[in-house]
Amino acid sequence: MWLKLMLAVVCWNSAIADIDRRRNSNPTYYNVGGVLSSNESVAFFKDTISVLQNLNFKDKYVPRGVTYHDYSILMDPNPIMTALNVCKDLIAHRVYAVIVSHPITGDLSPAAVSYTSGFYHIPVIGISSRDSAFSDKNIHVSFLRTVPPYSHQADVWVDVLKHFNYMKVIVIHSSDTDGRAILGRFQTTSQSVDEDVDRKVVVEQVIEFEPGLDSFNEKLIDVRSAQARVFLMYASKTDAEIIFRDATYMNMTTSGYVWMVTEQALDAANAPEGLLGLRLVNATNEHAHIQDSIYVLASAIREMNKTEEINAPPSDCDNSGSIWQTGQVLFDYIRKQRLENGATGHVAFDDHGDRVHAEYDMVNIRAEGEHVAVGKYFYSKETQKMRLELKEHEIIWMGRSSSKPEGFMIPTHLKVVTIEEKPFVYARRVDDILDCTSEEIPCPHFNITEEADQLYCCKGFCMDLLTYLSRAINFTFSLALSPDGQFGSYVFKNISQPGSKKEWTGLIGELVYERSDMIVAPLTINPERAEFIEFSKPFKYQGITILEKKPSRSSTLVSFLQPFSNTLWILVMVSVHVVALVLYLLDRFSPFGRFKLANIDGTEEDALNLSSAIWFAWGVLLNSGIGEGTPRSFSARVLGMVWAGFAMIIVASYTANLAAFLVLERPKTKLSGINDARLRNTMENLTCATVKGSAVDMYFRRQVELSNMYRTMEANNYDNAELAIQDVKDGKLMAFIWDSSRLEFEAAQDCELVTAGELFGRSGYGVGLQKGSPWADLVTLAILDFHESGIMESFDNKWILQNNMLNCEENEKTPNTLGLKNMAGVFILVLAGIIGGIVLIVIEVVYKKHQIKKQKRMEIARHAADRWRGAVEKRKTLRAAILPSQRRAKSNGLKEAGSISLVVDRGARRRDEVPRIPRYSPAYTPDVSHLVI
């Protein structure tokens, strides 16, 4: 920690020492050059720098120990001589900067000073040169000026126009550098985004002329039909006199016209009464500009001397390869300086070195050429911005009017464009305009693909609206269809070319680029369009909806099959026979498939055969009585119960769906609306689309939550609504998203089409006009009056409601057919029953085999035990019979004994003949049938 602190202290001390070293090594004597237009200016320049109580004695600008010295020459009208004098009398004295004024005659001498000094990067401060060429830093690399260029008057123009609410103007300018510069700056400033985007000044027309005019009549004739009556002019005094002469001859300087000019034109001898012009404050006060220039330079050197190492400037013009590096740094320091209370006001520079915050007077021409200041444009210290103050009540306008002109002329003939969109606009192709009926309006259409004029006759809701509007607010019109058949979108054109910009196409482009005056069509009001054109109040309110095709209808001959889909019917049929086959197999192989009848001793009933199984399956499904042929085994009966449940569900579902089919009035649509998951899910195989560049397309672009859906449908979008609706009818497109008015009309025209879900994106159709159009309020008031008087309702009845509703009641009774998805659970249940039956019969067979083996073992053991028990009993019986016989033999003598022994021998022999009972073996069963007791 301490080590870091010590290193920081060392670095700081080193930096301070380095600055002190530079400061101590910097010069204390600075020469300032001047190329001035008069001896008075030369004397004032010398006095400002060298005389007591001037620059060298003002600690605010010059630190102690520093001295300034002046070297000045008079401006020579010959630029070559001026350049030589600069090298000989100024650069030879190592001047750090040159202050240059403008010659009384000639315009090239200041440029010669700038070229010569700029070659070595010696800063040049102009005090009277206002040409826009000096702003080009590729040529005048080190030129600054305390006066603004002529093009900066465009900034004042914009504020004055907005103050008077003149939003449409005509610009007249010369084709030289200054004329084009003022036009470019005006267009840039007027279109810059400020607090109110609706208050943008629009240039209706630009007239460019070559300096040295002889006549201006032809160009003025071209603008007589324009709406704008406000003219902004940049011209020299000589050219302005020609323009004013011809404009006065054509009565274009009378009441209703407004002319605003720059400083040169303001001095024209024939400037008309009521003209407004700008005049730069202190423009001719050369002494004030000299003083501000010297103080700005001294402030820059003072700041530079604190941190920079200053090297001596070049001493001659012979060393052409030497560039003064310090001069480049000094130029940047001068450009950053500000004088809050300069002799010419607030002094500051922009990035080009041009004076900003210059002050102007607004001058009004009165009778006999009198110039009266009626306002000022000045720098406000409170807001630190330029501020405009005008005395409107003191202004005398053209034609000696004391009231402000409107600034535009309302034309009586309008160019109206529309687009075919049923039922609002029907377009019919004709060979001659005379073929149009009384309710139709001729509407020619230029087809860019066929390159030929095409004649159409238009009628519909919007055409009736246009006719009523023309009568209500008193205008005539010529009607045309959209050149590209689209409403219009804001897209890049000529993307391959560098510097391509976005442009409006379709109807909107015709209006934005002033090729038409009004759009009367089903034009949706949205923010994107409202930024560039003006809308009336809506003449019809609507929203966005979805159009789709209804499910296909089955033939009436097989309508009883429609409660189930074809796939479901086939699966039911297959299931009947599969279940019957499984029942047969289960009953056939089950060991419990047969049993003895109670009334017939010794007989058994046969197992279920295949024919009986099929009969049983069909009988259960069709709910008919079954008298015979039922399953006998437990496993088969379990499957039979499951099948009965399946049959119950199938029959009940069919019955309910058939009833719904008979009473259903309207079909259930496939989509529930814009929030349907199938529309929102991009993975779903559902094609939806809208029209490219339409208001619906813009709506989807604005909605963030619909971005995934829009990316999917963007590739499917159509050029117009007609193609999309036809594809919906043909089944190529599943959902078309468009304005509700059109889609509800199409659904009413065709029973196969239906709109889905509720309306969303609610908006309205409005009449489109140019920004600042004088017709906007009149059209709005007329439309509101049409709503109140019932005219709009009559349009609805005529074009949208009447004769459009077809009798779709019978066709709308479309059955709600069931599919595999609806009945999948039933088939799963049957499958579970089949598998359960198979598992049960396997268990039964295994269990039966085990029981048979166990029973055989028990039988063998029981037989063996019975034989052994019989043998033992026989022996006991034989013994019991021998003992009494022996006793009698003893008592009866030998004869009996012999007979007894014989019997015993026979008995013994017989006993010997009895085989020994072996040990029990499950595989051995002794045969004891020959034993004789």
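Observations
- Selection status of residue 437, modelled with pLDDT of 90 or more, among the polar types (S, T, N, Q) and closer than 23 Å to residue 469 by Cα: no
- Residue 64 being charged (D, E, K, R) and in contact with a strand residue (DSSP E or B) (Cβ under 6 Å, 6 or more places away or on another chain): no
For (1) among the acidic types (Asp, Glu); (2) surrounded by fewer than 23 Cβ atoms within 10 Å (Cβ to Cβ), each residue gets a yes or a no:
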position: 76; (1), (2): yes, yes
position: 86; (1), (2): no, no
position: 94; (1), (2): no, yes
position: 115; (1), (2): no, yes
position: 128; (1), (2): no, yes
position: 133; (1), (2): no, yes
position: 138; (1), (2): no, yes
position: 141; (1), (2): no, yes
position: 160; (1), (2): no, yes
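- Of all residues making up region 21-57, the number that are open to solvent by less than 70 Å² (accessible area, probe 1.4 Å), at pLDDT below 85 and of a type in the set (A, V, I, L, M): 2
- Residue check for residue 74: over 21 Å from residue 324 (Cα atoms) and at pLDDT 90 or above: yes
- In this structure, residue 302 does not qualify as farther than 18 Å from residue 219 by Cβ, within 51 Å of the chain's Cα centre (by Cα), among the basic types (Lys, Arg) and open to solvent by 40 Å² or more (accessible area, probe 1.4 Å).
- Residues located in region 699-735, provided they are buried (at least 19 other Cβ atoms within 10 Å of the Cβ), farther than 16 Å from residue 671 by Cβ and touching a residue at least 40 places away in the same chain (Cβ under 8 Å): 699, 721, 725
- Among the numbered conditions (1) modelled with pLDDT under 90; (2) within 15 Å of residue 61 (Cβ to Cβ), the only one that residue 292 does not meet is (1).
- All told, residue 446 falls short of being under 35 Å from the mean Cα position of the chain (by Cα), among the aromatic types (Phe, Trp, Tyr) and modelled with pLDDT of 90 or more.
- Residue satisfying all of: in region 506-537; in contact (Cβ under 8 Å) with a residue 60 or more places away in the chain and among the aromatic types (Phe, Trp, Tyr); surrounded by the fewest Cβ atoms within 10 Å (Cβ to Cβ) among these: 532
- Top-ranked residue of region 275-289 - restricted to ones that are part of a loop (DSSP other than H, G, I, E, B) and surrounded by fewer than 23 Cβ atoms within 10 Å (Cβ to Cβ), ranked as modelled with the highest pLDDT: 281
- Sole exception among (1) among the polar types (S, T, N, Q); (2) surrounded by 15 or more Cβ atoms within 10 Å (Cβ to Cβ); (3) farther than 30 Å from residue 412 by Cβ for residue 175, by number: (2)
- When region 101-147 is filtered for residues that are farther than 24 Å from residue 235 by Cβ, part of a strand (DSSP E or B) and not aromatic (Phe, Trp, Tyr), the ones remaining, listed by number, are 124, 125, 144.
- Selection within region 224-277 - small (Gly, Ala, Ser) and farther than 25 Å from residue 185 by Cβ: 225, 255, 256, 269, 274
- Every pair of residues 6+ apart whose Cβ atoms lie under 7 Å, when the first sits in region 368-380 and is basic (Lys, Arg) while the second is open to solvent by 60 Å² or more (accessible area, probe 1.4 Å): 376/389
- Selection count, region 720-764, where residues are aliphatic (A, V, I, L, M) and in a helix (DSSP H, G or I): 8
- Residues located in region 327-349, provided they are under 28 Å from residue 314 (Cα atoms) and in contact with a helix residue (DSSP H, G or I) (Cβ under 8 Å, 6 or more places away or on another chain): 329, 330, 333, 334, 336, 337, 349
- Near pairs, Cβ below 7 angstrom, 6+ apart or cross-chain, from region 343-354 (among the β-branched types (Val, Ile, Thr)) to any residue that is surrounded by 20 or more Cβ atoms within 10 Å (Cβ to Cβ) and part of a loop (DSSP other than H, G, I, E, B): 344/146; 347/146
- Test: residue in region 364-379 that is hydrophobic (A, V, I, L, M, F, W, C), open to solvent by less than 10 Å² (accessible area, probe 1.4 Å) and under 30 Å from residue 395 (Cα atoms): yes
- Residue count for region 305-319, restricted to those that are open to solvent by 70 Å² or more (accessible area, probe 1.4 Å) and polar (S, T, N, Q): 2.
The values are calculated or read from the model by the stated rules, or taken from the named source; none is laboratory data. What you are looking at is a predicted structure, and each value in this text was computed from that prediction instead of being measured. Cβ: placed from backbone, ideal geometry, glycine included. Neighbour counts: every protein chain shown. Accessible surface areas use protein heavy atoms only, side chains included; no ligands, DNA or RNA. Shrake-Rupley method; radii C 1.70, N 1.55, O 1.52, S 1.80 Å.
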